[in-house]
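The values are calculated or read from the model by the stated rules, or taken from the named source; none is laboratory data. Note that the structure is a prediction, hence the values are computed from the model and not measured. Surface areas here come from the heavy atoms of the whole protein model, side chains and all, with no ligands, DNA or RNA. Shrake-Rupley method; radii C 1.70, N 1.55, O 1.52, S 1.80 Å.
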Amino acid sequence: MPLFGSTFSPKKTPPRKCASLSNLHLLDRSTREIELGLEYGTPTMNLAGQSLKFENGQWVAESGSFTGDRREMQRLRKRNQQLEEENNLLRLKVDILLDMLSETTAESHLMERELEELKNHSRRRK
């Protein structure tokens, strides 16, 4: 029993006889792309009848594939912008109404306090 050594020693694997049976690794890059089909082109997909391709990190509609849908998209964008503007206006109106309500409530509390003070003052006189 060794003091500092390990008793476990796995068998060494025999060396491989041949690295590869194919000679494609000896070909240059362009020949390998032709032989192995590594030239994919731009990725494309068809979604609900609309053809899209991936360019510069974004999916772009192929030209001329759906002009009617572009008009629909423009109409929807315009409607979306109108609704956002209307939403902003309504939020502004709600803010103004809340300010008016808080001001009126504060005035009402002041008037009630003054009325109570006047009642107390008139009771003390009698």
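A few notes on this one:
- Largest first, the residues 60, 94 sort by 1.4 Å accessible area into 94, 60.
- For region 7-14, Karplus couplings with θ = phi - 60° (6.51, -1.76, 1.60), whole Hz, Gly/Pro x: 7, 7, 9, x, 5, 7, 6, x
- Counting only heavy atoms of the protein chains and using a 1.4 Å probe, residue 98 has close to 100 Å² of accessible surface.
- For residue 51, the residues whose amide H sits under 5 Å from its own are 62, ignoring neighbours fewer than 5 places away on the same chain, with H placed 1.01 Å from N.
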